[in-house]
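Okay, so here's the structure we're looking at.
Coordinate-derived values only; no laboratory data. None of these values were measured; they are calculated from a predicted model. All Cβ positions, even for glycine, are placed from backbone atoms using ideal geometry, and neighbour counts span all protein chains on display.
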Amino acid sequence: MDLTAVEGLSDLIRAETESQRKQALGQAGGHLRLLYEGWAKRLTYARAMIEAEIDFSDEEDIPGSVADRVWPDMQTLADEIKQHLAGARTGEILRSGFQVALVGAPNVGKSSLLNALAQRDVAIVSDVPGTTRDVIQTRLDIGGHLVLLMDTAGIRASDNPVELEGMRRTLMTAESADLVLELRSLIDRTETTPVDTLASERLVVWTKSDLVDNATLELPGTELAVSSKTGYGLDALLQSIAGRLSSLDQTSDEALPTRERHITLLKDCLKEVQAAVIGVDAPIEIRSELLRVASGALGKITGSVDVEQLLGVIFSEFCVGK
């Protein structure tokens, strides 16, 4: 087993949902290893062609332009790595969870909704404004996917340093969340919210529907009304969240980067490959070194590429040393 397979086995042991299990099983079975090893072989071949031109240029079997063959494939490789990295967030969501932040004014019903969806007392519920000062998180299985539901401090004008810190954390949580549930109370129709400028996807949820007349529940189709007390609207809310997760089902069988170290090393590899491809005016030795660094970064994910592999390719491709 290579390192990615071991990581996949670790994830499989810790899997809480079906999507996590499928992703971990694929990684433990070698999905990432096969992809990265295929890229590594192409890098090794490119380096071998360049090294052959540098070190064995006096051999009749090696024309002076042999290194030029590798650059179209290296450009293709860079494009493939880019596309692979584009799925990094999806891989992270499948492995670590889809983050949903409950945001709104104090006493709008955030903690009550958290408890209702979790079906247990996770957060303290009180009529005293500002009860929640920190981010409280619970884990849910929605449609076979892990969802991290986060209760946050209410947003209001305050000079209390502890409450201000809580609100700062609220905004940070909302900014990084995959979905913000913007809670508003149907009692006073609170609409003032600090999340209007945030980039996160938002869903407006009106709370305390059990305390108002049904005639007041006429809302835009994109908004929902719920009651944490009676359970009204909770199924619709869960279905709305599940709908946003449905696209993940199409990618759960794909080989996607799942850890920050994968992403970091892949970005390092991509940077060096791109530099080698566009460095047409640079000495061939420099471009070869860039590919060597790229190969090393990729090799750190699953294994390593050594000199013996390079020589093996050279000797198999050309009549050198025979």
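Observations on the structure shown:
- Förster-model FRET efficiency, 45 Å R0, Val135 and Ile54, C-beta, rounded to 0.05: 0.20
- Amide H contacts of Arg202 (H built 1.01 Å from N, under 5 Å, at least 5 apart or other chain): Val180
- Packing order of peptides 222-228, 149-155, highest average first: 149-155, 222-228 (average count of other Cβ atoms within 10 Å over each peptide's residues).
- Summing charges over neighbours of Val180, with a neighbour being any other residue whose Cβ is under 10 Å away from its Cβ, gives -3 when K and R count +1 and D and E count -1.
- Proximal lysines relative to Lys229, as straight alpha-carbon distance under 29 Å, when same-chain residues fewer than 8 apart are discounted: Lys110, Lys208
- In this label model, Glu254 and Gln75 are separated by 2.4 nm, measuring between points 7 Å along each Cα→Cβ vector.
- Pair Asn160, Gln83: separation of 7 Å Cα→Cβ label points (nm): 5.4
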